[in-house]
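The values are calculated or read from the model by the stated rules, or taken from the named source; none is laboratory data. Just so it is clear, the model here is predicted, and its values are computed rather than measured. As a convention, Cβ positions derive from the backbone with ideal geometry for all residues, glycine included, and neighbour counts pool all protein chains shown.
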Amino acid sequence: MASDLQATWAAVTALARTPRPDGSAPHSIRPLFAADPGRFARFSRTADGLLLDLSKTALDDRALAALLALAGVADLAGKRDAMARGEAINATERRAVLHMALRGEGGFRAGEEDASAEVAGVLARMREFTEGVHAGRIAGAGGRFTDVVNIGIGGSDLGPAMVTRALWTHAAPLRAHYLANVDAHAWEALRPALDPRTTLVLVASKTFTTQETMTNAALVRAWLAAGVGEAAVGNHLAALSTNLKATAAFGIAFDRVFPFRDWVGGRFSLWSAIGLSIALALGWEAFARLLAGARAMDAHFLGAPLDQNLPVLLALAEVWHVNGLGYPTRAVLPYDERLARLPAHLQQVEMESLGKRVALDGSPVAHATGPVVFGEPGTNAQHSFMQLIHQGTTPVPCDIILVARPDHAQADSHRKLLANGLAQAQALMQGKTAAQVEAEMRAAGTDAAEIARLLPHRVFPGDRPSATLLLPRLDPFTLGQLVALYEHKVFSLGALWGINAFDQWGVELGKQLAGPILAALEGGSAAGQDGSTAGLLGAIEKLWMA
Ligand code: F6P
């Protein structure tokens, strides 16, 4: 079995190094279009209205067949089904991975536990609370709540903040704010916009021990107490957590705690109680549609054949880019301002999951794993880092996310937005040859010496891959589909690479080391610190504390 896996990996990497039968390079894209007018139709797929176009990648039939063979030998489908059955596939933490159960489809179990029943109970409480807040039955010292502040970090912040930003409109029932960083400049910037008497505060933390969140929670609690009086603070607080002992110790009443279970990973938790700020900000119906969109993508992921399966195909394209062609990064470019925080959310979902150097059995992996993910909305990105993506030395595969119909009436603006998104993908793929540049410059009347001087700078190599995702419009359903698509892509990559995509031991060391350094900043000894850290502590002491 291990040797089958090695052989299929070898087949993929060999294909990526060998010229195609027509002599074209395995990374080239233009010849594939020249040879196949039907390429768009053959390399794009849809799932419930969401379209994925992989035709502007270098995938050809042979590469796709080799990658699908790899998916077969790596038992991607078997591993997917084990996840859905609630097996403890997060082996290092001995936990099931059941964010799919959160979308409200029945029948999920985590061992003896009826996960779906647990989810249904919490969803019912979240709905009752949300509707109570909106109706004014649940209110603060100043009456109806106008603002909700979610205090959380990482998965307890990025997903809900991204969704709320994507879908919030001025007609929404509440304003939502997200406080993550332990840097109190964040709280100081937010505080003047809030009235404690009409502000609801959610302390969102899976563990309820995270230093940043607990520090901010204490600051904000003190502000509430000063504004509404200690006796009324409880009416302004709720907790979203798996740690019911710690929420009680913090003084949050049991009926104000919305729990979830340890089979929900932080970065996959926006669908759980952690999403309460979404429901409060946008309304219950929007949250329910978000879950429905994710549920539709779950059904597609669980049911569609692998060669038609959007998350699987996106994962296979990534394997081709990372392991075949050696591209170590990827850019996420949503051509929709409302999705401005999607790259940040995906950075956690992908890099915290796939930034692993050992296989499930603890042996070093034999191949590269998760690429660096970054991004910005288009068109802003075009005026920033796209230069490197067009003409830098290493290709950066791009995800270009387009939304067909806007939710405003400015058709001219939207046409320009779409034209730019499509043009970037086209420019990356087609490039511009020396002959084209020369012809253009000649036509513009440039003399031969100047053409020779500028030509190399004005050539675009082309053959740079992008995957395009086209959403009919941006609404709760399609956003749910989109986010779940990336979650399942991450699962698929974990299965293909043979790593655990659901732990995150790499974040622990920094947390541990911060303890003694904090003690030194509090006036303790810096003994035992490395020379650089001790030197910096000394410099900070002179600049700040002296
Ligand atoms: O430090 C990383 C991490 O554990 C993430 O995985 C998680 O999303 C984040 O911290 C926040 O954790 P918590 O929800 O327990 O406060």
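What to note about this one:
- For segment 155-182, the set of residues classified as within 16 Å of the ligand (Cβ to nearest atom) and surrounded by fewer than 21 Cβ atoms within 10 Å (Cβ to Cβ) consists of ALA180, ASN181, VAL182, listed by residue number.
- Cβ-Cβ under 6 Å pairs, at least 6 apart or on other chains, segment 188-217 side over 21 Å from GLN512 (Cα atoms) and hydrophobic (A, V, I, L, M, F, W, C), far side modelled with pLDDT of 95 or more and surrounded by fewer than 19 Cβ atoms within 10 Å (Cβ to Cβ): none
Here is a yes/no grid of residues against (1) part of a helix (DSSP H, G or I); (2) on the phi < 0 side of the Ramachandran plot; (3) surrounded by 17 or more Cβ atoms within 10 Å (Cβ to Cβ):
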| site | (1), (2), (3) |
| --- | --- |
| ILE401 | no, yes, yes |
| ALA409 | no, yes, no |
| SER413 | yes, yes, no |
| MET441 | yes, yes, yes |
| GLY445 | no, no, no |
| GLU450 | yes, yes, no |
| THR468 | no, yes, yes |
| THR478 | yes, yes, yes |
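- Enumeration of residues in segment 264-296 that are touching a Lys or Arg at 6+ places or on another chain (Cβ under 6 Å), more than 16 Å from the ligand (Cβ to nearest atom) and under 16 Å from TYR486 (Cα atoms): LEU291, ALA294, ARG295
- Against the test of being surrounded by 14 or more Cβ atoms within 10 Å (Cβ to Cβ), among the charged types (D, E, K, R) and without any contact (Cβ under 8 Å) to a residue 40 or more places away in the chain, the options ARG125, ARG39, ARG80, ARG137 yield a single qualifying residue, ARG39.
- Hits in segment 340-360 - residues which are more than 13 Å from the ligand (Cβ to nearest atom), part of a helix (DSSP H, G or I) and either free of Cβ contacts under 8 Å to residues at least 60 places away in the same chain or surrounded by fewer than 24 Cβ atoms within 10 Å (Cβ to Cβ) (or both): PRO343, LEU354
- Scope segment 204-219; condition more than 8 Å from the ligand (Cβ to nearest atom) and buried (at least 23 other Cβ atoms within 10 Å of the Cβ); matching residues: ASN216, ALA217
- Within segment 233-277, the set of residues being touching a Leu at 6+ places or on another chain (Cβ under 7 Å), in a helix (DSSP H, G or I) and over 17 Å from ALA222 (Cα atoms) comprises ARG256, ALA273, ILE274, LEU276, SER277.
- Qualifying residue in segment 50-63 (condition: assigned to a helix (DSSP H, G or I) and buried (at least 18 other Cβ atoms within 10 Å of the Cβ)): yes
- Just one residue in the set ALA186, ALA225 is away from the ligand (no atom under 16 Å from the Cβ) and surrounded by fewer than 24 Cβ atoms within 10 Å (Cβ to Cβ); that residue is ALA225.
- No other residue among VAL122, VAL148 is under 20 Å from ASP255 (Cα atoms) and either in a helix (DSSP H, G or I) or more than 29 Å from the chain's Cα centre (by Cα) (or both) apart from VAL122.
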